[in-house]
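Report on the following structure.
A short reminder: the numbers here are calculations on the coordinates, not readings from a lab. Note that this is a predicted model, so its numbers are computed, not measured. Cβ: placed from backbone, ideal geometry, glycine included. Neighbour counts: every protein chain shown.
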Amino acid sequence: MSKEAFDEMSVLSAIFCEQDEFQLLEESPESGIVCCIHTLVESNNEKTPLSVTFHISPEYPLTPPDISISSVHFSRKQCHDLRHGLLNRARSLPPEPMVHDLILWLQENFSGLIKTTSILSMDLRPEITEETWIALLRLDHMRSKAKYIKMVEKWVSELGLTGRLFTGKLILILLHGIKENIKQYIQLQKTVKVDVDSSGKPCKEKMMRVLCEIPQAQENRMMSTFEVKDLLSLDELKREFDLVGLSELYEQCVSTLA
């Protein structure tokens with residue numbers, strides 16, 4: 001990582017100094033930096049909270065950051081379009097530290113971006129919609145279980161996903177939501193230190209397996225919430241998959257793991 005990137009994190013933590021306003025989620029010379037800024041945007045004289053996550057590669061600032069945007073107050077389509085607007089802005093800037101400039105630009109241009117998004121959404125034909133997917137991940141273990149679960153719940157909430165976290169003999173994460181948001185979740189799961197190793201030091205999830213990523217079938221039921229369930233038996237686990245119309249997924253991906 002460049003010295004510019006590390007220096008920028010110090011500056012950002014000083015600027016966004018309120019509680020939880022700036023969060024440094026990952027800092028690694030190999031994979032880069034992941035930070036999240038919780039800010040307020042104004043539209044129609046109302047201020048609304050918005051979370052912007054920056055995935056900064058080791059080549060930054062020569063390579064602009066990847067960006068994720070989430071908010072429970074805006075639709076997934078609006079967050080998706082805001083993200084693309086911010087990415088286009090990042091690509092247009094000179095290769096120098098830009099995170100603070102991007103946040104200021106988003107705040108200043110937010111109303112216009114939302115209006116454009118609303119107009120575009122009205123013109124969409126019904127069949128042109130974001131594709132909903134289902135993903136199933138397997139974790140090997142959770143040494144720091146409470147911290148791990150809290151981090152999973154945070155990511156799921158910020159990315160607008162639903163599903164289940166099953167703990168017990170098997171540790172499985174069942175995700176339901178927009179394909180791009182599921183991809184972002186998997187990237188976070190792989191790159192952020194979510195657990196501790198045998199010596200108690202923070203570590204990344206190196207043994208996660210993606211068992212499947214598939215489009216949601218029409219017969220599958222929508223999971224409207226994300227729930228954590230501690231299951232004692234495989235029969236209980238199978239019943240949970242049956243309840244959401246994923247019996248076939250269980251047979252194909254889970255029954256063979258027991």
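Determine the dipole magnitude for segment 132-257: charges of +1 sit on the beta-carbon of Lys and Arg, -1 on that of Asp and Glu, nothing else is charged, the reference point is the Cα centre, and the result goes in debye to the nearest 20.
Dipole of segment 132-257, to the nearest 20 debye: 620 debye.
Give the average over all directions of the projected area of the C-alpha convex hull of segment 3-123, one decimal, in nm².
Value for segment 3-123: 7.7 nm².
Sort 64-70, 180-186 for me by packing, meaning the mean count of neighbouring Cβ atoms within 10 Å per residue, highest on top.
Ranking, from highest mean packing down: 64-70, 180-186.
Determine, from the Cβ-Cβ distance of Ser247 and Gln19 and an R0 of 51 Å, the FRET efficiency 1/(1 + (r/R0)^6), rounded to the nearest 0.05.
0.70
Do any GluC sites (Glu not before Pro) in segment 1-76 lie in a DSSP loop with no more than 10 other beta carbon atoms within 10 Å, and if so, which? Before the final figure, lay out the partial values.
Working: sites: Glu4, Glu8, Glu18, Glu21, Glu26, Glu27, Glu30, Glu42, Glu46, Glu59; in loops: Glu18, Glu21, Glu30, Glu59.
Taking segment 1-76 and a limit of 10 other Cβ atoms within 10 Å, the loop GluC sites (Glu not before Pro) found are Glu18, Glu30.
Give me the distance in nm between label points sitting 7 Å out from Cα along the Cα-to-Cβ direction at Lys183 and Leu170, one decimal.
For Lys183 paired with Leu170, the spin-label model returns 2.7 nm.
State the answer as a single residue: which of Ser71, Tyr60, His84 lies farthest towards the positive end of the charge dipole of segment 54-99, with beta carbon charges of +1 for Lys and Arg and -1 for Asp and Glu, about the Cα centre.
Ser71
Which of rounded, prolate or oblate describes the chain when judged by the alpha-carbon gyration tensor and an a/c cut-off of 1.5?
Oblate, because a/c is 1.5 or more while a/b does not exceed b/c.
May I ask for the angle, rounded to the nearest 10°, between helix 145-158 and the longest principal axis of the chain, with both axes built from Cα atoms and the value confined to 0 to 90°?
In the chain, helix 145-158 runs at an angle near 60 degrees to the longest axis.
Based only on the alpha carbon positions, what is the Kirkwood hydrodynamic radius of segment 132-257, in angstrom? Don't skip to the end; give the middle numbers.
Details: mean 1/r = 0.0678 Å⁻¹.
Here the Kirkwood hydrodynamic radius works out to 14.8 Å.
Give the angle, between 0 and 90 degrees and rounded to the nearest 10, that separates the Cα long axis of helix 76-92 from the longest principal axis of the Cα atoms of the chain.
50
Before anything else, pin down the relative contact order of the chain: Cα pairs under 8 Å, at least 6 apart, normalised by residue count, whole percent.
Worked out over the chain, it gives 15 percent.
Could you state the angle between the C-alpha long axis of helix 234-243 and the longest principal axis of the C-alpha atoms of the chain, as a value from 0 to 90 degrees rounded to the nearest 10?
60
If I stretch the segment between Glu46 and Gln107 completely, what's the gain in nm (0.36 nm per residue apart, minus their alpha carbon distance), one decimal?
That works out to 20.7 nm of additional length.
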